[in-house]
Amino acid sequence: MLCDICKEKEATVHLTQMVEGKTKKIDLCESCSKAKGVDDPTGFSLADLLLGLGASQEMEESGSTTGKCPKCGFSQTDFKKTGRLGCPDCYDHFTEGVESLLKSMHKGTRHVGKAPAVWQQTKVYVDRLHSLQSKLDKAVAKEDYEKAAQLRDEISRVKSEYSESTIS
Amino acid sequence: MNIQDILSKPEDAAGREGPSNKIVLSSRVRLARNLATMPFPGWAKKSVRVETFKHIRDNVMEVDPMRDAFHTGMEELSTLDKQLLVERHFISREHAAKTAGSGMVLSGDEALCVMINEEDHLRMQALLPGLQVDKAWMAIDQFDTALESNLDYAFCERRGYLTACPTNLGTGIRVSAMLHLPGLVLSEQINQIIQAVNKLGLAVRGLHGEGTEALGNVFQVSNQMTLGETESDIVERLNKVLLQIIDHEENARAKLLENKAKMIYNHIGRAYGILANSHSISSKETMNLLSLFRLGIDLSLFPGNKPALTEELFIITQPAHLQKTRAGKLSAEKRDILRANLLRSRLLKVDRPATPDTGKTEENGE
């Protein structure tokens, strides 16, 4: 069995860890294991190792993530080599592989933290517009035209408010 | 350009104090951010990197705390300058290897630093003395918010801030503290602590982060997960763990003094002896001995001396700082001699450790 890192020397160090119920294995030769600090508990983190190796395997196994990112031309092979992606759009192109990777790496797969203020404003606006639109649809379906007219006015008011706030 | 004239003097940098400074040397929060329309630095062509660097630098300089900041492209710095910045923890070792198309911006008070085109387009950090991870987070959050109105960040609702490496995805946050833990090392409890901390999803590393040795009993504790939790949850969790480690370190020191005082005094006395009398000493040995010297100061064995002295010696005896005092590259051998000279002269003013004389020649521990 060859070392997962240098792919040259015989692997003598074998590591196994359970992540989210999945067994992850890494086989290393002596010099690579030393270089990665596996023999030194203070400098060693299996997560770092898994990232470069297990991660790319996972992307391969999940299939369908073939081809290159249409935006930047980055491929899976490149990811395997570097453990990094090519551009922000790669996250959309390699969705499935990335998703399973994130599961083993993070607490969750959805972002719950900070968001840019501009983006938050837009989100509030879009959500509001959606809810008004669905109310309007219901009113129309019920042939409640008085309510529908009110809602239509409300929608145009929200729209003009938003466009004013973004221009200023 | 002489980078030493721009950076604060080592004694001033070492003199900055913060809460729990005895054990926590510094706190840091860094955020990773990228531009929405550009390839990540590692994949971008040089011409693109150069353009992106200028664009980001100019926008960073527009934000208030950076208006009079020091900025430079990596190609303008000598190898020694770069190493000096690494020794001060302003840039990573990876960043020091970069050339044209990468650079940095450092605020006048050195509390805020932005690396441009490292692994991500932006790596911004707030660095404060002592245990202040919450304050560091507030500072960098504010800076990031000010910057986001000028730059179009790569962000999506589901995945948060998009980063070159999926390990930083979401919040892009790395909260860390540098801890001095000689008590836990000498009482051989450090591995237990590291394992416990690892189980909580936190990483324990050496002086310069990933893959580095814990020289001078200095350990860096940081979060690893960045997605699925809010920034303040991450900061709070790390803060709690740090308070516990501080407790354990204090207990370990008290227990060692109670049960193995001779062993501790022996270590400190020998460290003082070598630091004050050697004629050639490596940087690694210096760091390890300075750690014991610092422990001695903490235990009041060197009355009148402050921990800031060891911190200053720690800075000025590192290879790049040492070579800068002689304005040029030196062989390792010459460095070791210069380092020993420096330490001897600085320790002339420090009296021998005032270890309490117990009158006993033997310790029974009973």
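The values are calculated or read from the model by the stated rules, or taken from the named source; none is laboratory data. Owing to the predicted nature of the structure, the values given are computational and were not obtained by experimental measurement. Please note: Cβ atoms are built from the backbone with ideal geometry, for glycine as well, and neighbour counts cover all protein chains shown.
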Exercise. Among the residues of segment B:171-204, how many are at pLDDT 95 or above and facing another protein chain (nearest Cβ under 8 Å)?
Worked result: 2
Exercise. Residue check, B:GLN83 against (1) under 27 Å from B:GLU312 (Cβ atoms); (2) in contact with a Leu (Cβ under 7 Å, 6 or more places away or on another chain), all met but one. Which one?
Worked result: (2)
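What do you reckon, is A:ALA149 within 10 Å of another protein chain (Cβ to nearest Cβ) and loosely packed, with under 13 Cβ neighbours inside 10 Å? Can you show your working first?
Working: within 10 Å of another protein chain (Cβ to nearest Cβ): no; loosely packed, with under 13 Cβ neighbours inside 10 Å: yes.
For A:ALA149, the condition - within 10 Å of another protein chain (Cβ to nearest Cβ) and loosely packed, with under 13 Cβ neighbours inside 10 Å - is not met.
Do we have any residue at all in segment B:216-227 that's free of Cβ contacts under 8 Å to residues at least 40 places away in the same chain, surrounded by fewer than 17 Cβ atoms within 10 Å (Cβ to Cβ) and either among the charged types (D, E, K, R) or touching a helix residue (DSSP H, G or I) at 6+ places or on another chain (Cβ under 8 Å) (or both)? Break it down stepwise before answering.
Within segment B:216-227, the first condition is being free of Cβ contacts under 8 Å to residues at least 40 places away in the same chain, and the residues that meet it are B:225.
With the extra rule that they be surrounded by fewer than 17 Cβ atoms within 10 Å (Cβ to Cβ), the set shrinks to none.
Within segment B:216-227 (the criterion being free of Cβ contacts under 8 Å to residues at least 40 places away in the same chain, surrounded by fewer than 17 Cβ atoms within 10 Å (Cβ to Cβ) and either among the charged types (D, E, K, R) or touching a helix residue (DSSP H, G or I) at 6+ places or on another chain (Cβ under 8 Å) (or both)), the answer is no, since none of the residues qualifies.
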Exercise. Within segment A:75-95, restricting attention to residues that are closer than 18 Å to B:GLY160 by Cβ and surrounded by fewer than 18 Cβ atoms within 10 Å (Cβ to Cβ), which residue is farthest from the other protein chains (Cβ to nearest Cβ)?
Worked result: A:THR95
For this session: Of the numbered conditions (1) modelled with pLDDT of 80 or more; (2) out of contact with any Leu (no Cβ under 8 Å at 6 or more places or on another chain); (3) under 29 Å from B:ASN150 (Cα atoms), A:VAL124 fails exactly one; give the number of that condition.
Result: (1)
Exercise. Counting only residues that are within 18 Å of B:GLY172 (Cα to Cα) and buried (at least 21 other Cβ atoms within 10 Å of the Cβ), how many does segment B:36-59 have?
Worked result: 5
Seminar exercise, completed: Of those in segment B:5-35 that are assigned to a helix (DSSP H, G or I) and free of Cβ contacts under 8 Å to residues at least 24 places away in the same chain, the residue surrounded by the most Cβ atoms within 10 Å (Cβ to Cβ) is B:ASP12
For this session: Output the residue which, of all residues in segment A:96-143 that are closer than 15 Å to B:LEU162 by Cα, assigned to a helix (DSSP H, G or I) and free of Cβ contacts under 8 Å to residues at least 40 places away in the same chain, is farthest from the other protein chains (Cβ to nearest Cβ).
Result: A:GLU99
Exercise. Residues of segment B:168-191 being over 21 Å from the mean Cα position of the chain (by Cα) and in contact (Cβ under 8 Å) with a residue 12 or more places away in the chain, which ones?
Worked result: B:LEU169, B:GLY170, B:THR171, B:LEU186, B:SER187, B:GLN189
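Do we have B:SER149 as out of contact with any helix residue (DSSP H, G or I) (no Cβ under 6 Å at 6 or more places or on another chain), of a type in the set (S, T, N, Q) and buried (at least 24 other Cβ atoms within 10 Å of the Cβ) here?
No; evaluated as a whole, the condition is false for this residue.
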